[in-house]
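Written below as structure tokens is the structure these notes are about.
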Amino acid sequence: MSAALDNRRLITRLLLVVVVMFCFGVFVLPPFYDAMCQAFGINGKTAKAYEGSQQADEVRQVRVQFLATNSADMVWEFRPKADEVTVHPGATQEMLFVAFNPTDKPMTAQAIPSVAPARAAAFFHKTECFCFTQQVLQPGERIEMPVRFIVDRELPKDVHHLTLAYTLFDITARQAPVPVAGR
């Protein structure tokens, strides 16, 4: 009888551990992961939505470099219109990225941004970005996609150069492209 009782207690404890692990994974880890990504600028999370409007710091200049790469399975041509711009912190800026689908089928893509150095990510605010939505291109279609941003005036004074990098992923298999009439 004692062995059966011991087995029942062990099974109860193991089930409790499973339930606790499940709850931790579902309820604790996602907010923690989001907070860490936001704090360190990982996976394109560059702090919460920028709500302030600032006066541009006309004295200070920061160089913003743009990089565009494709994931291993992405065949689109993808590039920024310019390699870099010089900005005044607090001023709204825009850069266009060009994408071209050279295939004979509609494709859907998602761009994932990142900002370097990581400590500057919280001071880089995207107000509009093609990375916020999935991009569908028809065969042979070329589009220009804007990213509007503000480098915060509070950017540490020793940071003179930022890099905004995008990696473009083919998500056609996960999200079937919808043909767009007139486009």
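The values are calculated or read from the model by the stated rules, or taken from the named source; none is laboratory data. Bear in mind that the values here come from a model prediction, so they are computed numbers and not experimental data. So basically every Cβ, Gly included, is an ideal-geometry build from the backbone, and we count neighbours across all protein chains shown.
For the range 161-176, the set of residues classified as surrounded by 12 or more Cβ atoms within 10 Å (Cβ to Cβ) and over 15 Å from Ser114 (Cα atoms) consists of Asp170, Ile171, Thr172, Gln175, listed by residue number. Per the conditions (1) at pLDDT below 95; (2) not in a loop (DSSP other than H, G, I, E, B), the sole criterion not satisfied by Ala72 is (2).
Looking across the range 96-128, the residues that are buried (at least 19 other Cβ atoms within 10 Å of the Cβ) and modelled with pLDDT of 95 or more come down to Phe97, Ala99, Asn101.
Here Arg63, Arg79 are screened, and the one residue that is farther than 19 Å from Leu168 by Cβ, of a type in the set (Lys, Arg) and at pLDDT 90 or above is Arg63.
Can you name every residue in the range 107-120 that is hydrophobic (A, V, I, L, M, F, W, C) and in contact with a Cys (Cβ under 9 Å, 6 or more places away or on another chain)? Across the range 107-120, the qualifying residues are Ala111, Ile112.
What strands (runs of 3 or more DSSP E) completely inside the range 104-163 contain at least 3 residues that are closer than 17 Å to Asp83 by Cβ? Break it down stepwise before answering.
Values: elements: 107-116, 124-129, 135-137, 142-151.
Strands (runs of 3 or more DSSP E) meeting the threshold: 107-116, 142-151.
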